[in-house]
Amino acid sequence: MIVARNLTKYFGSFRAVENISFTVEKGEIVGLIGPNGSGKTTIMRILTCFMPPTRGTASIGGYDVVKDSLVVRKYIGYFPEGAPLYSNLPVKTYLKFVAEVKGVATNLIKKNVQKVMEICSITHVSNRYIEYLSKGYRQRVCLAQAIINDPPVLILDEPTVGLDPKQVVEVRSLIKKLSGKRTVILSSHILSEISAICDKIIIINKGNIIAQDTISNLSKIAQKEGQLILKVRNIPENGIENLCDELSLDIISKEYKMENGKQIYKYAISADDDIRYVISNKIITNGWELLEIYFKGITLEDIYLKLISE
Amino acid sequence: MRNFWSLFKKEFYIYINFFILYAVITIFLLLSGYFFFTATVRFDTFLIDEGVSITEGLFRQFFLDMVHVVCLTVPLLTMRLFSEEKKTGTIELILTYPIRDMEIILAKYSVCLAIFLLMLCITGIYPFLISHIWRLNIAAILSGYLGIFLIGCAFISIGLLVSSFTKDQIVAAMVTFGICLLFLTIAFNAGWAGFTGQKILVHLSFLEHVNKFGKGVIESGSIAHCVIFTICFILFTKESLKSRYWRGLK
C-alpha cells in the first residue's frame with residue numbers, strides 16, 4: 001500500500017532524512033519512532049505530498065506522491081503534529097468544509113459528517129467553536145477530519161502528544177478503532193504507545209532507519225538478549241564457572257558478599273533462552289544451595305535506547 | 001470550482017468572525033467620509049466659483065485621498081491571509097488536502113477582494129448624496145471607482161504575498177503597508193532618475209494612475225499596469241508557497 005524507496009530530503013545543506021526505504025502492507029499499522037528531530041515528521045510530510053523528496057520515490061496505493069499528488073491526497077487522512085485546526089470555525093462547519101474539499105459527494109456530506117462525529121464522540125460539541133474545545137476534543141476533531149472521506153490510509157503524526165493520561169488512553173483506543181481495514185502510519189517518540197497500537201515498528205535516528213521489524217520479532221530479540229540472575233551459597237571454587245562452560249553460557253558479572261557469616265555469590269549469566277530449570281537442577285544435584293534464580297528479559301524500551309545510542 | 005467555492009466560504013466565515021474586520025471597515029468608512037467631506041467643503045468654498053468642474057475639483061481630490069485610505073486599510077485586511085495559517089499550523093493541513101495551491105491562493109484573494117469591494121460600494125453613498133445637489137458626471141465617477149478598485153486589487157495581491165512570508169500578522173501588515181506606500185509614491189521627486197527613469201517611475205506610481213482615473217480618463221496602459229501587477233504578485237505567492245519544498249515549514 002505504501003512504498004518508500006531511498007527517500008532523502010535536504011533543507012539547504014541540512015539533511016533531514018537519507019535513504020529511507022520501507023513498505024507498509026494493506027491493513028498494517030506501522031509505528032515510526034525516533035527521538036525528536038530524527039526525521040519522522042519529514043517522512044510524513046513527504047508521504048502526505050506536503051513537500052517532495054530531494055531524492056527517492058514514494059507511492060501510496062500505486063500513485064506517486066509527486067506525480068499524482070492530488071490523487072494521493074484523496075487516498076490519505078492526515079493528522080499533523082499538534083492537531084492544527086481553524087479555531088474560528090464551529091466543529092460541524094469545519095468538517096463540512098473538509099468533506100467538500102476532499103471530494104465527498106454532495107449528497108453524502110451531511111451523512112459523513114454525522115458519522116465521523118459519532119465515531120470520534122464529538123457530536124455534542126458539533127456547534128461549538130473549535131477554539132473553545134479542550135485539547136482532547138481538538139485531537140478528536142483532527143482525527144475526524146482525517147477520516148471524513150473514509151480514506152484507506154491514515155497518517156498520524158504524534159496524535160497523543162500533550163494529552164493527559166486519560167485522554168491518551170481515549171485517543172489510542174479511538175485510533176485502534178479507526179484502523180480497522182485501513183493502513184496506518186503513526187509516529188511517536190513514546191515506545192509504549194507504538195507497541196500498544198502497531199504491528200510493526202520503524203526506528204529512525206538522525207534521518208536514517210536503524211531498525212524495522214514487527215513488534216513480535218523485536219520482542220523475541222528482547223527475550224533472547226535477556227540475563228539469568230543467580231544467587232547461590234556454599235559452592236566450590238569455580239563451581240558456577242565450570243557449570244557455565246559445560247552449558248556454553250557466558251558470565252556477564254559476578255558479585256560476592258557476606259551475609260550472616262556465609263559467602264553469597266550473585267551471577268548474571270547471558271542466556272539465550274529461559275534455562276532456569278536446567279541450571280537449578282544442576283545446582284541442586286551438586287548439593288549447592290540455590291537462594292534465588294530468575295530470568296531478566298530486556299524490554300523493547302531497552303532495545304530502542306540501545307539502537308538510538310549506537 | 002467546487003474546491004474554490006468551499007475555500008471561499010470557509011475564508012469568508014473566518015473573516016466575519018475576525019473582529020479586526022469590523023475595525024477596518026469602520027476606519028475605512030470614517031476616513032473616506034472625512035476626506036469626502038473636506039473635498040466637498042474645499043470645492044464648495046474655493047473652486048466652484050472658479051468654474052472648476054465637480055469631477056476635477058471634488059471627485060479627483062476625493063479619489064486621490066481615498067487611495068491613501070486604501071493603502072492604510074488593505075494591509076490590515078490581508079495580514080492574516082497566510083500568516084495565521086502558518087502560525088496555527090493549518091497551512092500544513094490545507095496544503096495536504098486534494099486542492100491546488102492556486103485554488104487556495106485565489107480563494108483567499110477573492111474573499112479579501114469581495115470585502116474590499118463591499119467597503120468601496122458603501123462609499124457610493126457619498127456621490128449619491130451629492131447628486132441631489134449637483135449634477136454629476138457619472139462616467140467620470142465610475143472611472144475613479146474603477147481606478148481605486150484596480151489599485152485595491154494590486155494592494156491585496158501585495159498583502160497576499162507578504163503574508164505568505166511570515167507567521168507574524170503585525171510584520172505582514174507593516175511590510176505590506178511599506179510596499180504599497182512605496183508603489184503609491186514612487187514618482188515623488190523622481191527627477192533624480194533622469195528623463196527615462198522618471199517616465200518609468202511615473203508609470204509605476206499608482207498615484208499617477210489614480211489621478212488619471214479620477215479625472216475620468218481610462219487608459220489601457222493604466223488598466224494593464226494594475227492587472228499585470230496583480231497577476232505577478234499572485235504568481236509570486238504561488239512560488240512563495242512552493243518554497244516549503246526546500247525550506248519546510250519555517
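What follows is calculated from the coordinates using simple rules that are stated; it is not laboratory data. The structure presented is a predicted model; accordingly, all values stated were derived computationally and were not measured. Note: ideal-geometry Cβ built from the backbone for every residue, glycine included; neighbour counts use all protein chains shown.
Add +1 for every Lys or Arg and -1 for every Asp or Glu among the other residues with Cβ under 14 Å from the Cβ of B:PHE213, and state the total. List each step's numbers first, then the result.
On the way: positive: B:ARG60, B:LYS212, B:LYS215; negative: B:GLU56, B:ASP65, B:GLU208, B:GLU219.
Its environment carries a net charge of -1.
Could you put A:CYS244, A:CYS198, B:CYS121, B:CYS112 in order, starting from the residue whose Cβ has the fewest other Cβ atoms within 10 Å? Write out the running numbers ahead of the final one.
Working: A:CYS244 19, A:CYS198 23, B:CYS121 11, B:CYS112 26.
Fewest to most other Cβ atoms nearby, the residues stand as B:CYS121, A:CYS244, A:CYS198, B:CYS112.
Amide H to amide H under 5 Å from A:LEU154: which residues, 5+ apart in sequence or cross-chain, H placed 1.01 Å off N in plane?
Amide H to amide H, under 5 Å and 5 or more residues apart or across chains, A:LEU154 pairs with A:GLY77, A:THR183, A:VAL184, A:ILE185.
Per-residue ellipticity at 222 nm for chain A, helices alone: DSSP H runs ≥ 4 residues times -39500 (n - 2.57), over residue total, nearest 500 deg cm²/dmol?
Numbers: 11 runs with 111 residues, N = 310.
When only DSSP H runs of four or more count, the value is -10500 deg cm²/dmol.
Taking chain A as a Gaussian network, Cα atoms linked when under 10 Å apart, which of A:GLN263, A:GLN212, A:GLN167 shows the biggest mean-square fluctuation?
In this elastic network of chain A, the residue with the biggest mean-square fluctuation among A:GLN263, A:GLN212, A:GLN167 is A:GLN263.
Show which aspartates and glutamates lie in cross-link reach of A:LYS177 when reach means a straight Cα distance below 18 angstrom and same-chain residues fewer than eight apart are skipped.
The qualifying aspartates and glutamates are A:GLU28, A:GLU118, A:ASP150, A:ASP157, A:GLU158, A:GLU193, A:ASP199.
Using a cut-off of 17 Å between alpha-carbon atoms, which lysines can reach A:LYS231, once sequence neighbours fewer than 8 places away in the same chain are excluded?
A:LYS254, A:LYS257, A:LYS262, A:LYS266, A:LYS282, A:LYS296
Please report the antiparallel percentage of the DSSP beta bridges confined to the protein assembly as shown, to the nearest 5.
Values: 44 of 62 bridges.
Beta bridges within the protein assembly as shown, antiparallel portion: roughly 70 percent.
How many nm is it between the label spots at B:TRP246 and A:ARG128, if each spot is 7 Å from the Cα in line with the beta carbon?
Here the answer is 4.5 nm between the modelled labels.
Based on the Cβ-Cβ distance of B:TYR34 and B:ILE200, what FRET efficiency does E = 1/(1 + (r/R0)^6) give at R0 = 45 Å, to the nearest 0.05? Don't jump to the answer; show the numbers that get you there.
On the way: r = 34 Å, r/R0 = 0.76.
Computed FRET efficiency for B:TYR34 and B:ILE200 comes out at 0.85.
Counting only DSSP beta bridges with both residues in the stretch A:2-221, what percent are antiparallel, rounded to the nearest 5?
Details: 21 of 39 bridges.
Rounded to the nearest five, the antiparallel share is 55 percent.
How many angstrom lie between the Cα centre of the stretch A:51-123 and the Cα centre of the stretch B:218-238?
Here the answer is 34 Å between Cα centres.
Read phi for every residue in the stretch A:139-148 and hand back ³J(HN,Hα) as whole Hz from Karplus 6.51 cos²θ - 1.76 cosθ + 1.60, θ = phi - 60°, with x for Gly and Pro.
Ordered by residue, 3J(HN,Hα) equals 4, 5, 5, 5, 5, 4, 5, 5, 9, 4 Hz.
If you filter the stretch A:17-51 for GluC sites (Glu not before Pro), then keep DSSP loop positions with at most 14 other Cβ within 10 Å, what is left? The partial results should precede the final answer.
Numbers: sites: A:GLU18, A:GLU25, A:GLU28; in loops: A:GLU25, A:GLU28.
Within the stretch A:17-51, the qualifying GluC sites (Glu not before Pro) (loop, at most 14 other Cβ atoms within 10 Å) are A:GLU25.
In what order do B:ARG42, A:ARG140 fall by count of nearby beta-carbon atoms within 10 Å, going from fewest to most?
Values: B:ARG42 14, A:ARG140 26.
Exposure proxy ranking, most exposed first: B:ARG42, A:ARG140.
Which residue fluctuates most in the GNM of chain B (Cα springs below 10 Å): B:VAL52, B:VAL162, B:VAL217?
Greatest mean-square fluctuation among the candidates belongs to B:VAL52.
Going by a ≥ b ≥ c, the root eigenvalues of the Cα gyration tensor, does chain B fall in the rounded group (a/c under 1.5), the prolate group (a/b larger than b/c) or the oblate group?
Details: a/c = 2.33, a/b = 1.65, b/c = 1.41.
In terms of gyration-tensor shape, prolate.
Tell me, what ³J(HN,Hα) does each residue in the stretch B:229-235 have, in order and in whole Hz, if you take phi through Karplus 6.51 cos²θ - 1.76 cosθ + 1.60 with θ = phi - 60° and put x for Gly and Pro?
4, 4, 4, 4, 5, 5, 5
Relative to the present Cα-Cα distance, how much length would full extension add between B:ALA193 and B:ASP49 at 0.36 nm per residue of separation?
Once the chain is fully extended between B:ALA193 and B:ASP49, it gains 47.9 nm.
Under 11 Å from the Cβ of B:ASP168, count the other residues' Cβ atoms, weight Lys and Arg +1, Asp and Glu -1, and hand me the total. All intermediate terms of the calculation are to be shown ahead of the outcome.
Numbers: positive: B:ARG80, B:LYS86, B:LYS87, B:LYS167; negative: B:GLU84.
Every neighbour counted, the sum reads +3.
Rank these for me by crowding, B:LEU142, A:LEU154, going from fewest to most other beta carbons within 10 Å. Don't skip to the end; give the middle numbers.
Working: B:LEU142 15, A:LEU154 23.
Lowest to highest Cβ neighbour count: B:LEU142, A:LEU154.
What is the distance in Å between the Cα centres of the stretch A:157-190 and the stretch B:199-213?
Measuring centre to centre over Cα atoms gives 59 Å.
Summing +1 for each Lys or Arg and -1 for each Asp or Glu, what net charge is found among the other residues whose Cβ lies under 14 Å from the Cβ of A:PRO152? Kindly include the intermediate steps, with their values, before the conclusion.
Numbers: positive: A:LYS26, A:ARG73, A:LYS74, A:LYS102, A:LYS181, A:ARG182; negative: A:GLU25, A:GLU28, A:ASP150.
Local net charge: +3.
Taking H placed 1.01 Å from N in the peptide plane, check which residues at least 5 places from A:ILE204 or on another chain put their amide H under 5 Å from its amide H.
A:ILE33, A:GLY34, A:ILE210
Obtain the nm distance between the two label points defined at A:GLU292 and B:LEU72 by a simple spin-label model: each point lies 7 Å from its Cα along the Cα-to-C-beta direction.
8.1 nm
Quick one: 3J(HN,Hα) in Hz for the stretch B:29-45, Karplus 6.51/-1.76/1.60 with θ = phi - 60°, rounded, Gly and Pro as x.
Computed from phi, the couplings for the stretch B:29-45 are 6, 5, 5, 5, x, 5, 5, 5, 4, 5, 5, 5, 4, 4, 5, 5, 7 Hz.
Which whole-number percent is the relative contact order of the stretch A:225-305 (Cα, under 8 Å, 6+ apart)?
Numbers: 125 pairs, mean separation 37.4, N = 81.
Worked out over the stretch A:225-305, it gives 46 percent.
Could you pull out every one of the lysines with an alpha carbon less than 18 Å from that of B:LYS9, ignoring same-chain neighbours closer than 8 positions?
Within the straight-line cut-off, B:LYS9 pairs with A:LYS92, A:LYS96, A:LYS102, A:LYS110, B:LYS108.
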